[in-house]
1. Going residue by residue through segment 74-83, is there one that turns out to be among the basic types (Lys, Arg), touching an Asp or Glu at 6+ places or on another chain (Cβ under 7 Å) and modelled with pLDDT of 95 or more?
2. Filtering segment 96-117 down to residues that are among the hydrophobic types (A, V, I, L, M, F, W, C) and under 19 Å from Gly70 (Cβ atoms), which residue is surrounded by the fewest Cβ atoms within 10 Å (Cβ to Cβ)?
3. If you scan segment 60-77, which residues turn out to be of a type outside the set (Lys, Arg) and either under 14 Å from Ile100 (Cα atoms) or in contact with a helix residue (DSSP H, G or I) (Cβ under 9 Å, 6 or more places away or on another chain) (or both)?
4. Looking at segment 60-112, which of its residues are of a type in the set (D, E, K, R) and part of a strand (DSSP E or B)?
Amino acid sequence: MFRKSAPETLRNTTITGNNGGMAATFSILGADVAIKGDLSATADLHIDGAVEGDITCAALVQGEKSTVTGAIKAQSARLSGTVKGSIEAGELVILKTARIFGDVTYDALTIEQGAQVDGKFAHRVQLNDEAPLALVR
């Protein structure tokens, strides 16, 4: 019935932030958690562990020791760990301890002195706050 230790890694798992319609304020993945699979959350997400998979959420906070291998899509993201993959965020803050290996797309960007980014930056072009600009030929 009870185990002395929980499994360290979840494999091929999709985790969806759905709590039956109740509004959750945030979800936390602790430093001892390693996940292989995509994460999707309607609430804010705080990651201190390791994620190998794509992350989609409203707001993401990444801890200094955290690693994400996969794409990140969030309305806002505050990154201070290692990311190996593309990032798409409305409001993006890259802290001095962050190590980013991938392309970055943003609406608003703040980078602290000391942060390392190896990739291309692109500002998202929008006509208004709702719809991205479509290219017309």
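1. No: zero hits.
2. In this case the residue turns out to be Phe101.
3. Gln62, Gly63, Glu64, Ser66, Thr67, Val68, Thr69, Gly70, Ala71, Ile72, Ala77
4. Across segment 60-112, the qualifying residues are Lys73, Arg78, Lys84, Glu88, Glu91, Arg99, Asp107.
The values are calculated or read from the model by the stated rules, or taken from the named source; none is laboratory data. Please read all numbers here as calculations on a predicted model, not as lab measurements. Cβ atoms come from the backbone with ideal geometry, glycine included; neighbour counts cover every protein chain shown.
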